[in-house]
Amino acid sequence: MKQIYTKTHNKYKTKGKKKFNFLTLGSFGLKSISCGRITKEKWESIQWTLRKKFKLKLGAKQNKIWDLIELNNSLTKLNLESRMGKGKGLVYTKSKFVREGTLLFEFNSFPKQFRKEIVEFLQSKISLKLKLVEF
């Protein structure tokens, strides 16, 4: 009898890839419902204002915030007067393209009364639609 060998379409495994679709660190989190791009400056300003706002309300040791976005795209730009064929240009910022279902933040030790306030605050800062996910 002949043995039949089947070829697989993709020989690479998804073992090392990070998938941030489920809560792993905190008791609740914020998940994106829409797609969009977040730049480095926008992401750092969101982190800073979020930590500052809730540090004043709750104290520094009570709450824990994890940010789960790694910026992996480099955005380049050439000046407007340059001619064709002068190269790609200099890196001016980093960014991340966020897909639907990606967790942006995870929170721990926050009272339930602040959860709705956190969602409304971040929704006004980010151009993505957000959803609260609880454990």
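Among the residues of the range 115-130, are any within 13 Å of the chain's Cα centre (by Cα) and more than 16 Å from C35 (Cα to Cα)? No: the range 115-130 contains no residue that is within 13 Å of the chain's Cα centre (by Cα) and more than 16 Å from C35 (Cα to Cα). Taken over the range 92-127, the criterion of being buried (at least 16 other Cβ atoms within 10 Å of the Cβ) and part of a loop (DSSP other than H, G, I, E, B) is satisfied by T102, F110, I126. Residues of the range 79-98 that are without any contact (Cβ under 8 Å) to a residue 12 or more places away in the chain and polar (S, T, N, Q): N79, S82.
Yes or no, residue by residue, for (1) within 28 Å of K129 (Cα to Cα); (2) at pLDDT below 80; (3) surrounded by 14 or more Cβ atoms within 10 Å (Cβ to Cβ):
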| site | (1), (2), (3) |
| --- | --- |
| M1 | no, yes, no |
| N10 | no, yes, no |
| F22 | yes, yes, no |
| G26 | yes, no, yes |
| K31 | yes, no, yes |
| K42 | yes, no, yes |
| I69 | yes, no, yes |
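The values are calculated or read from the model by the stated rules, or taken from the named source; none is laboratory data. Computed from a prediction, not measured in an experiment: that's the story for all the values here. Glycine also receives a Cβ, built like all others from the backbone with ideal geometry; neighbour counts cover every protein chain displayed.
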